[in-house]
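The next block holds one structure in the form of structure tokens; read it before the comments.
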Amino acid sequence: MPQLIEHIDAIARSKKRDVLFLTFTREGKRDPGRFTLNESRIEILRWLDSMGIGWQPCGEIASEYRFASYDGAVYIDVPFDVLAPEYQKLQTFLEYPDGTIRFPDTSFFVLDLQTAMQNAHHDEPGFWERIADNF
């Protein structure tokens, strides 16, 4: 069944805050459609579920000039606040103390709201329909 997947910048605008997300590769390359087999992704999502931490599939930052299929990126519903216990628990799980990621082929990002707001015009009614019509 088709699934509507929001871009991470749209999620940041709707939450009105900085947002966290993960991307996954396979052997250093994007591999759309195979992300469901990524062992790191499977383990991380299992852990998020076991901790009661919300997550959802997301696209990377939207572009009106480039379209791509979903490649397994995940928004994590934890506010980016280095002093918050929930963020610290997530960070400890995902990263070593020196800040490097614990999981192969995984990248952990924060998208700040200011950057996400650069695409606020994408939220105007009919924006994506007009882009599709002119593609």
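None of the figures in this text is laboratory data; all of them are computed from the coordinates on show. Please read all numbers here as calculations on a predicted model, not as lab measurements. Reconstructed Cβ throughout: ideal geometry from the backbone, glycine too, with neighbour counts over all protein chains shown.
Listed values, structure above:
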{"read-out": "Förster radius 25 Å - calculated FRET efficiency between Tyr65 and Asp112, Cβ distance, rounded to 0.05", "value": "0.70"}
{"read-out": "For Arg26, residues with placed amide H under 5 Å, excluding near neighbours", "value": "Asp31"}
{"read-out": "Pairwise FRET efficiency - Ser50 versus Tyr96, Cβ, R0 = 25 Å, nearest 0.05", "value": "0.75"}
{"read-out": "Equivalent-ellipsoid semi-axes of the range 71-128, from the Cα gyration tensor, Å, largest first", "value": "28, 15, 10"}
{"read-out": "Residues Asp133 and Asp18, FRET efficiency given R0 of 22 Å [Cβ-Cβ distance, rounded to 0.05]", "value": "0.10"}
{"read-out": "Point-to-point label distance, Ala120-Lys89, nm (Cα→Cβ direction, 7 Å offset)", "value": "3.4"}
{"read-out": "Relative contact order (%) - criterion: Cα under 8 Å, at least six apart; region: the chain", "value": "37"}
